[in-house]
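In what follows, a single structure is set out as structure tokens and then discussed.
The values are calculated or read from the model by the stated rules, or taken from the named source; none is laboratory data. Here the structure is a predicted model, which means the values were calculated and not measured. Ideal geometry is used to build each Cβ from the backbone, glycine not excepted, and the neighbour counts take in all protein chains shown.
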Amino acid sequence: MDMIKKISSLGIVPVIKLTDANNAVPLCRALANGGLPVAEITFRTAAAEESIRRVAQELPEVLVGAGTVLTIEQVNTAMNAGAKFIVTPGFDEEVTKYCVEHNIPIFPGCPTTSDIQKAIKCGLKVVKFFPAEAMGGLNAIKAVAAPYGGMLFMPTGGVNEKNLNDYLAFDKIIACGGSWMAKEDLINAGKFDEIEAMTRSAVQKMLGFEIKHVGINCGDEAEAMAVAKKFSVLFGWPVKDGNSSVFAGSAIEAMKAPYLGAKGHIAVGCNSVVRAQAYLESMGFEFNAESAKEKNGKLIAIYLKDEIGGFAVHLVQK
């Protein structure tokens with residue numbers, strides 16, 4: 001998976017300032033345990049290089065990058081330490097071209113159309129939009145994105161758990177950078193359990209899991225209709241006859257013939273099937289690739305490989 005797809009599948013890139021390299025590994029472990037195995041460690045302190053080195057060596061599953069990179073020297077320092085990508089606060093042509101020429105993934109800060117055009121000339125497909133909220137937030141990104149159909153964005157600065165999903169709902173945004181789940185005072189106090197909990201909360205908010213409907217396997221069309229009508233009588237839900245099933249309201253789907261799952265299936269809605277799949281795979285769950293459904297090139301549904309309590313479980317795009 002290339003860098004853009006990997007970061008997009010994660011959705012949030014924690015932006016970290018570390019003053020003590022001893023905190024790097026426990027911090028990134030907390031982020032990974034919370035569902036975000038990624039970190040942008042900024043070159044705002046002297047601890048950045050050693051912090052990146054320790055994370056790269058001890059937590060190879062964590063995608064570690066270097067942020068606030070200002071010079072080619074810092075690029076080389078970060079990459080030699082084990083960084084997998086570079087982020088700059090603004091557009092520096094020298095640094096950007098150097099990274100492109102050396103096949104180093106870079107996300108330069110480009111809050112203006114002039115910066116974006118320069119990035120395009122360098123062959124980039126994704127830029128950082130910083131400082132996002134101060135520059136006008138989502139509306140500003142939509143405005144600058146309009147003339148550049150092929151450019152994607154990673155807003156950072158002022159993004160938090162409250163506005164995160166507003167940003168991610170725009171299809172030109174691959175992920176958001178943020179530091180709210182790993183604040184400096186929590187890091188310095190060693191409160192990594194709190195950081196893990198805040199990270200998990202952010203990920204759950206981003207994914208937005210909720211049960212959409214329960215599918216009940218029936219022997220034939222007549223049984224499916226009878227089941228749907230029974231729920232309709234009970235709760236007043238309207239019956240809707242379809243090609244392969246009969247719905248009672250939106251919560252119950254009676255299958256006209258047995259489908260996946262010994263008893264049926266449970267559909268779990270989410271804000272992004274791609275991100276939800278990546279998150280669950282990181283927890284060790286496997287998926288049935290043959291069950292994947294796409295619409296306009298976008299994954300909209302996929303089943304887990306194993307049943308739970310006799311029910312197949314599938315993710316579905318909200």
- Query: In the list LYS162, LYS118, LYS142, which residue meets the criterion of being over 18 Å from PRO89 (Cβ atoms) and over 17 Å from the mean Cα position of the chain (by Cα)?
  - Reply: LYS142
- Task: Enumerate the pairs (first residue in region 24-48 and within 14 Å of TRP180 (Cα to Cα); second residue anywhere and at pLDDT below 95 and of a type in the set (Gly, Ala, Ser)) with beta-carbon separation below 7 Å, excluding pairs fewer than 6 apart on the same chain, so at least 6 apart or on different chains.
- Result: LEU27/ALA182; LEU31/ALA182
- Task: Working carefully through the options VAL69, VAL95, VAL87, VAL55, find the one that is touching a residue at least 12 places away in the same chain (Cβ under 8 Å), within 24 Å of MET283 (Cβ to Cβ) and aliphatic (A, V, I, L, M).
- Result: VAL55
- So which pairs qualify, if the first residue must be in region 153-177 and over 13 Å from SER8 (Cβ atoms), the second must be among the hydroxyl-bearing types (Ser, Thr, Tyr) and surrounded by fewer than 17 Cβ atoms within 10 Å (Cβ to Cβ), the Cβ gap must be under 8 Å, and the two must be at least 6 apart or on different chains? GLU161/SER201
- Take the residues of region 152-204 that are touching a Leu at 6+ places or on another chain (Cβ under 7 Å) and more than 24 Å from VAL126 (Cα to Cα): which is modelled with the lowest pLDDT? ALA182
- Is one or more of the residues making up region 273-283 under 25 Å from ASN165 (Cα atoms), outside the structural domain of LEU168 (by TED's automatic domain parsing), loosely packed, with under 14 Cβ neighbours inside 10 Å and hydroxyl-bearing (Ser, Thr, Tyr)? no
- Kindly indicate whether ASN217 is of a type outside the set (A, V, I, L, M) and out of contact with any Pro (no Cβ under 9 Å at 6 or more places or on another chain). no
- Query: Within region 185-201, restricting attention to residues that are in a helix (DSSP H, G or I) and among the aliphatic types (A, V, I, L, M), which residue is surrounded by the most Cβ atoms within 10 Å (Cβ to Cβ)?
  - Reply: ILE195
- Note on the structure: Those residues of region 23-44 that are in contact with an Asp or Glu (Cβ under 9 Å, 6 or more places away or on another chain) and more than 29 Å from GLN277 (Cα to Cα) come to a total of 1
